[in-house]
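Chemist: One structure, pasted below without further comment.
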Amino acid sequence: MKIVVAITGASGSIYAKQLLAQLALFPEVEVGIVMSKNAPDVWRQEIGEEMLFSPRFKVYDRSDYFAPFASGSAKYMQMVIVPCSMGTLGRIAQGISDDLTTRAADVILKERRKLICVIRDTPLNLIHIENMRTVTIAGGIIMPAAPSFYSRPTSFEELADTVVQRILDQLGLDTKAYRWGE
Ligand SMILES: Cc1cc2nc3c(=O)[nH]c(=O)nc-3n(C[C@H](O)[C@H](O)[C@H](O)COP(=O)(O)O)c2cc1C
């Protein structure tokens, strides 16, 4: 299973960090990572360390259109943008493929594959809402990074995992998550 994980300059680097740590536990999952110019700065600000990923995962430059997932012929069937900035969301909604993240999202949508945009902003203006609407109509999934509290998380990491588990569910990956009623 091949998945693209794009990290943008929105707040919420912890979600990307913990999602990638979870994905590394699935030997059958191949991950291509791409990040925006601002993503490393936000990560440093919020996590206080440099980005470090599983050596199994390949990191592509944001302007590398030779990356496999820049084309539909490479069978990357799912893409998660986590966290997804409003800028990136807007560019995807308008079909502006000016970097590898927006090009890959464009490809995923045209191939009718799964695009998951984990947005964080609150409140939202009408432009955000219209862009979310457009991406949804085009087949994308808008997934607000809205943690849940019913599992009684006791740390930032546990709280972030309540979002990460839902992303893994969307990707069809089975994990030992807290599940209501079980
Ligand atoms: C610490 C920090 C937090 C930010 N949080 C957000 C955010 O939550 N949402 C957002 O849309 N932009 C946020 N920004 C601004 C984006 O990084 C900026 O708009 C950038 O141009 C987005 O481009 P990108 O999508 O290519 O990363 C933040 C910037 C910084 C430095």
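Chemist: Any chance the stretch 83-105 includes a residue that's in a helix (DSSP H, G or I), more than 16 Å from the ligand (Cβ to nearest atom), within 23 Å of GLY12 (Cβ to Cβ) and not small (Gly, Ala, Ser)?
Modeler: No, that holds for no residue.
Chemist: Inspect all residues belonging to the stretch 138-159 and state whether any of them is basic (Lys, Arg) and in a loop (DSSP other than H, G, I, E, B).
Modeler: Scanning the stretch 138-159, I find at least one residue that is basic (Lys, Arg) and in a loop (DSSP other than H, G, I, E, B), so the answer is yes.
Chemist: Another question, if that's okay. Would you please name the residue that is surrounded by the most Cβ atoms within 10 Å (Cβ to Cβ), looking only at residues in the stretch 72-104 that are more than 19 Å from ASN38 (Cα to Cα) and hydrophobic (A, V, I, L, M, F, W, C)?
Modeler: Looking at residues that are more than 19 Å from ASN38 (Cα to Cα) and hydrophobic (A, V, I, L, M, F, W, C), I get MET79.
Chemist: Could you count how many residues in the stretch 16-47 are away from the ligand (no atom under 11 Å from the Cβ) and either among the aromatic types (Phe, Trp, Tyr) or in contact with a Gly (Cβ under 7 Å, 6 or more places away or on another chain) (or both)?
Modeler: 1
Chemist: Restricted to the stretch 125-157, and to residues that are of a type in the set (S, T, N, Q) and more than 12 Å from ILE92 (Cα to Cα), which residue is surrounded by the most Cβ atoms within 10 Å (Cβ to Cβ)?
Modeler: Per the criteria, the residue is SER151.
Chemist: Take the stretch 63-93 and flag every residue that is in contact with a helix residue (DSSP H, G or I) (Cβ under 8 Å, 6 or more places away or on another chain) and farther than 23 Å from ILE167 by Cα.
Modeler: SER63, ASP64, TYR65, ALA67, SER71
Chemist: Pairs, please: C-beta under 7 Å, at least 6 apart or cross-chain, first residue at negative phi and at pLDDT 95 or above and in the stretch 40-55, second part of a loop (DSSP other than H, G, I, E, B) and polar (S, T, N, Q)?
Modeler: Between residues of the stretch 40-55 that are at negative phi and at pLDDT 95 or above and residues that are part of a loop (DSSP other than H, G, I, E, B) and polar (S, T, N, Q), the close pairs are VAL42/SER11; GLU46/SER11.
Chemist: Right, here's the next one. Confirm whether GLU50 is within 16 Å of the ligand (Cβ to nearest atom), more than 17 Å from ILE33 (Cβ to Cβ) and either in a loop (DSSP other than H, G, I, E, B) or charged (D, E, K, R) (or both).
Modeler: The answer is no for GLU50.
Chemist: Pairs needed: first member in the stretch 154-176, in contact (Cβ under 8 Å) with a residue 12 or more places away in the chain; second member anywhere, among the small types (Gly, Ala, Ser); C-beta distance under 6 Å; at least 6 residues apart or different chains.
Modeler: Within 6 Å, the pairs are THR162/SER148; VAL163/ALA145; GLN165/ALA177.
The values are calculated or read from the model by the stated rules, or taken from the named source; none is laboratory data. Please read these numbers as outputs of a predicted model, since none were measured by experiment. Cβ sites come from the backbone with ideal geometry, for glycine too, and all protein chains shown count toward neighbours.
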